[in-house]
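Working notes, beginning with the structure itself.
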């Protein structure tokens, strides 16, 4: 089923959805949001693309195998905990880094940003692995 | 090393190993090396943890730095540490063994990442100090083991896997409901906090009812009577390395959860709850071994024996005396070693003769005396003959039961023992002693009984078997240090205030 309307809409929607997923991911740093919900929105963008066009082009747009995405995501999420262990803290006790950027203000970064990005990648990877594999059947 | 690191390592190592193996998804050879190294590291971490716990007492690490009872603590007492070390041992031996026996197709569909994720789930279950977190680790285990059992997609495998998953999902649903009720009653899910709050609760019957729900749920996972039927229906279908791994570890996690719950949390009406446990233990022993008597397929036969031995592991918990509980834990340890080894040996026999059917196996003793010797050691250990490990495990258990005058369970245990000996003898005579039918009629396919020589595959196959057989003998001959360690473990379990103090008192 190829629908010109859907395809045209998808081209612009995908970009918005991907941006929104990253917004959700970063918002999770201090407010409701985070890697899981962001990842779901991101995966929805690719799934929409696969429905409007075809699975092959969605895979091309992804540019990386979903398995690899899961692995990288898990490595980042698990790695965030290991950083705490190396600093002689309990596993996943998050470490904070504060700094002042002139003209921008104070920013604070935690190891859980790394964790969240990991979760983001895992969620996109798992969802797409399932969706793309099933739609190829 | 810091305690936080020691407690976290048994979970972190399999995670890291699994992730690295996943990163090398396309390269089988690399995955194999990573898997073996990761499993060895897990064993070392387990040994280090046990040594530290024995020297320092219970170790606690609050995940994320959130203090108990609000956060999730990971707690390593002696029981957890012993079981984590055993997990490392089984992981290491089975990882080596699977290098020789796993087929390339399964390897390229993610066998090694799954193997290590399963280990992470098991180590997590042994170490967590939070009921809900235990549920989460169970799910990690269930998902990983489901894929491992179904991996390869053979017809029998799928059938087994569906039974396995369906019943385990029911168990998880019951567990979740029980956890919800428990939270409603106590307002906490931290095990130490539960142990403290439920000691002087107004309505002990309510807690006991919830305890029974836990018994059913953990009981399905541990395969106790009458909820064991998923086990023999599914364990014989996957490749032998997977069977050995799940047989050694999964049902033991259920037993561990029972021991933890019924020594720490549900001790309000022991006269009632532990009497039920005792009856169930006896019935589990007898039905398991009777099921085994009827089997002529090695893997099915051994699967039924797992059930029977789960019964022994519950006796000590039901009796709740230090000696009997030590006997039960000895039994868990001994069973992990010998049962794994029997599966590994039957896999080796399959490699040499191409069958698991006792009627078609034959004359193994004549052609491969060394394998036969290894089998003999493990089989006699399982049946409980001196001087092997099983004898002392049973002796401790029986003495513990006699001390508190539970004569019936002693009789049942000894009767079961005789039947176990009988079915081990059956494997020996049918598979190792008498010639197979094909052999009698001179119809053997060429090359069936020839020894392929000591190539690297044979080494990877037999080194684990030899390690485990040596341990079976070693734990028998040097039983004294093992028993004294396990009596210490049992005494720690029977003194819940130690656990509670380590987790909660830590913060004040």
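Derivation of every value follows stated rules applied to the coordinates shown; laboratory data play no part. Keep in mind that this is a model prediction, so the values were computed, not measured. Here the Cβ positions follow ideal geometry from the backbone for every residue, glycine too, while neighbour counts run over all protein chains shown.
I'm told residue B:453 meets every condition in (1) outside any helix (DSSP H, G or I); (2) surrounded by 14 or more Cβ atoms within 10 Å (Cβ to Cβ) except one. Can you identify the failing condition by its number?
Just one mismatch for residue B:453, condition (2).
Rundown of residues vs (1) more than 14 Å from chain B (Cβ to nearest Cβ); (2) farther than 23 Å from residue A:37 by Cα; (3) out of contact with any helix residue (DSSP H, G or I) (no Cβ under 6 Å at 6 or more places or on another chain), yes/no style:
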residue	(1), (2), (3)
A:68	no, no, yes
A:103	yes, yes, yes
A:107	yes, yes, yes
A:120	yes, no, no
A:124	yes, no, no
A:129	no, no, no
A:132	yes, no, no
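Looking at residue B:182, is it assigned to a helix (DSSP H, G or I) and buried (at least 23 other Cβ atoms within 10 Å of the Cβ)?
Answer is yes for this residue.
Wholly within region A:39-137, which helices (runs of 4 or more DSSP H) include no fewer than the required count, namely at least 2 residues that are within 14 Å of the chain's Cα centre (by Cα) and within 19 Å of residue A:20 (Cα to Cα)?
A:111-136
If we scan region B:5-13, do we find a residue that is surrounded by fewer than 23 Cβ atoms within 10 Å (Cβ to Cβ) and in contact with a strand residue (DSSP E or B) (Cβ under 9 Å, 6 or more places away or on another chain)?
yes
Of the conditions (1) away from chain B (no Cβ under 14 Å); (2) more than 30 Å from residue B:3 (Cα to Cα), residue A:29 clears all except one; give me its number.
(2)
From the list A:92, A:112, pick out the single residue that is within 8 Å of chain B (Cβ to nearest Cβ) and either closer than 19 Å to residue A:34 by Cα or touching a residue at least 24 places away in the same chain (Cβ under 8 Å) (or both). Spell out how you get there, then give the answer.
Details: A:112 fails: within 8 Å of chain B (Cβ to nearest Cβ).
None of the others qualify; the one that does is A:92.
Out of region A:19-33, which residues are more than 9 Å from the chain's Cα centre (by Cα) and closer than 19 Å to residue A:121 by Cβ?
Start the filter on region A:19-33 by keeping residues that are more than 9 Å from the chain's Cα centre (by Cα), which leaves A:19-20, A:23-24, A:26-33.
A:19, A:20, A:23, A:24, A:26, A:27, A:28, A:29, A:33, listed by residue number.
Determine if region B:193-216 includes at least one residue that is assigned to a loop (DSSP other than H, G, I, E, B) and either buried (at least 24 other Cβ atoms within 10 Å of the Cβ) or touching a strand residue (DSSP E or B) at 6+ places or on another chain (Cβ under 9 Å) (or both).
So far as region B:193-216 goes, no, none of its residues is assigned to a loop (DSSP other than H, G, I, E, B) and either buried (at least 24 other Cβ atoms within 10 Å of the Cβ) or touching a strand residue (DSSP E or B) at 6+ places or on another chain (Cβ under 9 Å) (or both).
On the given criteria, is residue B:47 closer than 18 Å to residue B:83 by Cα, away from every other protein chain (no Cβ under 13 Å) and in contact (Cβ under 8 Å) with a residue 24 or more places away in the chain?
Yes; evaluated as a whole, the condition is true for this residue.
Please determine, by comparing only the residues of region B:19-40 that are closer than 22 Å to residue B:125 by Cβ and more than 8 Å from every other protein chain (Cβ to nearest Cβ), which one is nearest to the chain's Cα centre (by Cα).
B:39
Has region B:52-62 got any residue that is over 24 Å from the mean Cα position of the chain (by Cα), part of a helix (DSSP H, G or I), within 29 Å of residue B:490 (Cβ to Cβ) and within 12 Å of chain A (Cβ to nearest Cβ)?
Checked against the condition, which is being over 24 Å from the mean Cα position of the chain (by Cα), part of a helix (DSSP H, G or I), within 29 Å of residue B:490 (Cβ to Cβ) and within 12 Å of chain A (Cβ to nearest Cβ), region B:52-62 yields no hits at all.
Which condition breaks for residue B:2 when tested against (1) within 11 Å of another protein chain (Cβ to nearest Cβ); (2) surrounded by fewer than 20 Cβ atoms within 10 Å (Cβ to Cβ); (3) in contact (Cβ under 8 Å) with a residue 24 or more places away in the chain?
Going through the list (1) within 11 Å of another protein chain (Cβ to nearest Cβ); (2) surrounded by fewer than 20 Cβ atoms within 10 Å (Cβ to Cβ); (3) in contact (Cβ under 8 Å) with a residue 24 or more places away in the chain, residue B:2 breaks only (3).
Condition (residue is within 9 Å of chain A (Cβ to nearest Cβ), crowded, with 23+ Cβ neighbours inside 10 Å and in contact (Cβ under 8 Å) with a residue 60 or more places away in the chain) applied to region B:74-84: is it met by at least one residue?
Yes, because at least one residue in region B:74-84 is within 9 Å of chain A (Cβ to nearest Cβ), crowded, with 23+ Cβ neighbours inside 10 Å and in contact (Cβ under 8 Å) with a residue 60 or more places away in the chain.
Within region B:123-147, which residues are within 16 Å of the chain's Cα centre (by Cα), in contact (Cβ under 8 Å) with a residue 40 or more places away in the chain and farther than 14 Å from residue B:176 by Cα?
Residues satisfying the conditions are B:123, B:124, B:125, B:126, B:127, B:141, B:145.
Has region B:89-108 got at least one residue that is surrounded by fewer than 24 Cβ atoms within 10 Å (Cβ to Cβ), touching a helix residue (DSSP H, G or I) at 6+ places or on another chain (Cβ under 9 Å) and within 14 Å of another protein chain (Cβ to nearest Cβ)?
Yes, because at least one residue in region B:89-108 is surrounded by fewer than 24 Cβ atoms within 10 Å (Cβ to Cβ), touching a helix residue (DSSP H, G or I) at 6+ places or on another chain (Cβ under 9 Å) and within 14 Å of another protein chain (Cβ to nearest Cβ).
Would you pick out the residues in region A:34-89 that are free of Cβ contacts under 8 Å to residues at least 12 places away in the same chain and within 21 Å of residue B:64 (Cβ to Cβ)?
A:82, A:85, A:86, A:87, A:88, A:89
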